[in-house]
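The structure appears right after this line, and notes come after that.
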Amino acid sequence: MRRQLLPALGMLIVFTIITGGLYPLLVTGVAQAAFKDKANGSLVKVNGHVVGSKWIGQPFSAPKYFHPRPAADGYVPGAQGGGTASYGSNFGPLEPRLVGFVPGVNTVTLTGKPSKTNPFATADDPFCVPTDTDGNAIFAPSGGEKYAKNKDGSYVCSTDTIPERVTAYRAENNLDASVDVPVDAVTASGSGLDPEISVANARLQAPRVATERGMAVADVLKLVKKYTQGRGLGFLGERGVNVLQLNIALDKA
């Protein structure tokens, strides 16, 4: 018994020291020596204080700031637990919680049969997903449901659908109804913590930010260009604008 236990115990001690101590120390030392900023989380500091990470999205809602991508199911990056609750919606392309009620596709009447029209449609949102009196979206209408309504008798629509987000984005940035809204402005990223927005999204927000700050649009666009990240390995994905770094630069301008 001893002949088996002693070698086994010795191997346990040796590999515990190597894999549990020496190897982590070696990797940490190399990372700190060669990639210190990345190894420590690519932290962003303002006046010596850490305000976030270059790779973690943060919520910005004030008109004078560029706004990040919306988050899945109303999750706000950086709020109530920071980035610990990140997730994507995993909804399909015809999910009513994204595209709203599409007549003949995913809209049903209260009898459960496909509807040729959306019974909850409003003048502003033909794909309206109604809400109950507590403000919760009703994705599967049923008989006897109590719906929230506006003073004019129209249904109150959920603000988390893409049609509603498009309307809000255009209103927020004073855009004409004919202006195409970038997809990243109205859809969440896979993690809900995407730190970047598309260049097209940033350019559409630039006039609002410039007006709020009393700056020339050209000066704001120069900052947009400065904080635009290139494609991965030079050819993967699309260029993106880092929202946190851009907003910090605006506050210093």
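The values are calculated or read from the model by the stated rules, or taken from the named source; none is laboratory data. Given the structure is predicted, the values throughout are model-derived calculations rather than measurements. No Cβ is skipped: glycine too gets one built from the backbone with ideal geometry, and neighbour counts run over all protein chains shown. Just so you know, the surface numbers come from the protein's heavy atoms only, side chains and all, with ligands and any DNA or RNA stripped out. Shrake-Rupley method; radii C 1.70, N 1.55, O 1.52, S 1.80 Å.
Anything in the range 219-236 that is open to solvent by less than 50 Å² (accessible area, probe 1.4 Å) and either touching a helix residue (DSSP H, G or I) at 6+ places or on another chain (Cβ under 7 Å) or at positive phi (or both)? List them, or say none.
Once the filter is applied, which keeps residues that are open to solvent by less than 50 Å² (accessible area, probe 1.4 Å) and either touching a helix residue (DSSP H, G or I) at 6+ places or on another chain (Cβ under 7 Å) or at positive phi (or both), the range 219-236 yields Val220, Leu221, Leu223, Val224, Tyr227, Thr228.
Within the range 142-198, can you find the residues that are in contact (Cβ under 8 Å) with a residue 12 or more places away in the chain, charged (D, E, K, R) and not in a helix (DSSP H, G or I)?
Glu145, Lys146, Asp160, Asp194, Glu196 - these are the residues of the range 142-198 that are in contact (Cβ under 8 Å) with a residue 12 or more places away in the chain, charged (D, E, K, R) and not in a helix (DSSP H, G or I).
Failed condition for Ala216, given (1) buried (at least 17 other Cβ atoms within 10 Å of the Cβ); (2) at pLDDT 95 or above, with all others met?
Exception for Ala216: condition (1).
Which one of these is open to solvent by 70 Å² or more (accessible area, probe 1.4 Å) and among the aliphatic types (A, V, I, L, M): Ala200, Ala171?
Ala171
Among (1) without any contact (Cβ under 8 Å) to a residue 40 or more places away in the chain; (2) more than 29 Å from Ser191 (Cα to Cα); (3) open to solvent by 80 Å² or more (accessible area, probe 1.4 Å), which single condition is Val105 missing?
Val105 satisfies every listed condition except (2).
Filter the range 224-252 down to residues that are among the aliphatic types (A, V, I, L, M) and farther than 17 Å from Val44 by Cα and give me whichever is farthest from the chain's Cα centre (by Cα).
Looking at residues that are among the aliphatic types (A, V, I, L, M) and farther than 17 Å from Val44 by Cα, I get Leu233.
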